[in-house]
């Protein structure tokens, strides 16, 4: 049990970041992260070590996000409520780089949830298509096409912002 | 302007999701296709932007809540496993006691003693079959007559 507490301390913040990026609200992200760890306790024996532990936890979190959305009857317009601007270390790289990051963040929140999801898993978590397919429960071909559409949507929004 | 059909696969190329052969062909194509080359640059910017995002760390109070929830879940699972083990142990003991009782207890002897004499004789002699044990039939018949007579006398 002590080992599991160490797991929480080691990964809670990272999982929170991924959940925040997917869901947009800290309170929702905290709930999903808690459910993720509880699900991980139950499934720890099934962890075969084929992937890194963090990637395995992100896979569980992705499914918890999907379950949360079904429960909450997720609306596409939720992004219009806006994220609190909680950038940590916004001065890293200077004001110009911070502006660029704010652009990406603000555009991410306006994407369709499934597009935001694949971009976070690919670009933030660094998952392979195979890992994403497992996390999302879709074929690898769907992952690739969804990523393509997500990137096109984000490109379009960033272009309109410029 | 028509979109190059390979533009759709620039993402997979950057993501390292192509075979070595496909990588070679795409590499050559990117050197000659302005559209795909521009797509590559744009996707690299997006990747850098998202990959560089940093979020505020999780609230320490939220982490404490997670620890408590994990502890509680762990205790419940341990208790469930203990109950399961005890139930299995109890079932095993009940089975062992039942087998022991059937094999070694005096129940059969006590039950025998409560039967009427003629029935005990019948059981002991193996009577109940036509043409039963020899030599014991007269004794059984004697018991039967005496027992029935006693019963008849009591009824009168």
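Throughout, read-outs are computed from the coordinates displayed, never taken from laboratory work. Not measured: the values here are computed from a predicted model. FYI the Cβ positions are ideal-geometry reconstructions off the backbone, even for glycines, and counts take in every protein chain you see.
Quick one: if you stick a label point 7 Å off each Cα along the C-beta vector at residue B:78 and residue A:114, how many nm between them?
Modelled inter-label distance: 4.4 nm.
On average, how many beta carbons from a partner chain sit within 10 Å of the beta carbon of a residue in A:11-22?
If you average over the peptide's residues, the count of other-chain Cβ atoms is 4.
Per 0.36 nm of contour for each residue apart, how much would the distance between residue B:32 and residue B:95 grow if the chain were fully extended, relative to their Cα-Cα spacing?
Full extension of this stretch gives 14.6 nm more.
Quick check: pseudo-label points 7 Å beyond the Cα along Cα→Cβ at residue A:3 and residue A:103, how many nm apart are they?
The two pseudo-label positions are separated by 4.7 nm.
At a 10 angstrom cut-off on C-beta neighbours, averaged per residue, how do the peptides A:112-121, B:94-103 rank from highest to lowest?
Top of the packing list down: A:112-121, B:94-103.
Counting partner chain Cβ atoms within 10 Å of every residue's Cβ in B:30-43, what's the average?
The per-residue average across the peptide is 1.
At 7 Å along the Cα-to-beta-carbon direction for both residue B:87 and residue A:140, put a label point, then send me their distance in nm to one decimal.
Placing both labels 7 Å along Cα→Cβ, they lie 4.3 nm apart.
Could you work out, residue by residue across B:63-76, how many beta carbons of other chains sit within 10 Å of that residue's beta carbon, and then give the average as an integer?
5
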